[in-house]
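Remarks on the structure that follows.
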Amino acid sequence: MINFENNPLIQKTVQFSLDIIEFCELLEEKRKFVIAKQLLRSGTSIGANAFEAQNPHSKNDFIHKIKISAKELEETKYWLYLCKHSKNYPFDEKLEHQIVELGKIIYKILSTSLNKNLNKNQSI
């Protein structure tokens with residue numbers, strides 16, 4: 001098993017995925033199957049793509065995987081927003097805080113990577 005103890009992105013995405021799984025189980029207990037399925041897919045995909053980005057074929061591949069993580073993060077925000085604002089759905093504020101924190105990390109990584117890639121291409 002690969003050791004990611006010093007990788008905050010992986011640590012936080014794995015924890016978020018575990019928390020999303022637990023929340024989706026609650027949604028399914030309440031028979032909210034459609035949202036549970038969508039949230040489970042997008043919420044765990046954030047970490048899956050971030051994890052995959054740790055072994056890229058190239059810098060562009062890394063950026064691509066992080067972009068996918070960002071897109072999945074935005075979709076997850078949407079499903080959580082629906083849960084929060086629907087009167088018949090449960091909501092977990094911890095997930096909302098986690099997704100905001102993950103967004104800050106992912107968008108910072110993406111911004112830094114894109115800037116480095118842009119600067120590299122301009123200096124050639």
**OP:** Would you check which residues across region 82-114 are surrounded by 13 or more Cβ atoms within 10 Å (Cβ to Cβ), hydroxyl-bearing (Ser, Thr, Tyr) and over 13 Å from the mean Cα position of the chain (by Cα) and list them?
**Re:** Tyr89, Ser113
**OP:** Go through region 24-55 residue by residue and tally those that are farther than 15 Å from Ile106 by Cβ, without any contact (Cβ under 8 Å) to a residue 40 or more places away in the chain and in contact with a helix residue (DSSP H, G or I) (Cβ under 6 Å, 6 or more places away or on another chain).
**Re:** 4
Subject >> Residue pairs meeting the criteria (Cβ under 7 Å; at least 6 apart or on separate chains; first within 11 Å of Leu39 (Cβ to Cβ) and in a helix (DSSP H, G or I), in region 78-105; second open to solvent by 40 Å² or more (accessible area, probe 1.4 Å) and modelled with pLDDT under 95) >> reply: none
Original post:
Counting just the residues of region 1-23 that are open to solvent by less than 40 Å² (accessible area, probe 1.4 Å) and among the aliphatic types (A, V, I, L, M), which one comes out farthest from Ile106 (Cα to Cα)?
Top reply: Ile20
Subject >> Failed item, numbered, when Glu72 is tested on (1) in contact with a Lys or Arg (Cβ under 9 Å, 6 or more places away or on another chain); (2) surrounded by fewer than 20 Cβ atoms within 10 Å (Cβ to Cβ) >> reply: (2)
**OP:** Being open to solvent by 50 Å² or more (accessible area, probe 1.4 Å), of a type in the set (S, T, N, Q) and closer than 29 Å to Thr112 by Cβ is the filter here, so list the residues in region 27-69 that pass it.
**Re:** Gln54, Asn55, Ser58, Asn60
Original post:
Hey, any hits in region 71-88 for a residue that's aromatic (Phe, Trp, Tyr) and closer than 14 Å to Thr13 by Cβ?
Top reply: no
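The values are calculated or read from the model by the stated rules, or taken from the named source; none is laboratory data. These numbers come from a predicted model, not from an experiment. Cβ atoms come from the backbone with ideal geometry, glycine included; neighbour counts cover every protein chain shown. These accessible areas exclude ligands, DNA and RNA; they are computed on the full protein's heavy atoms, side chains included. Shrake-Rupley method; radii C 1.70, N 1.55, O 1.52, S 1.80 Å.
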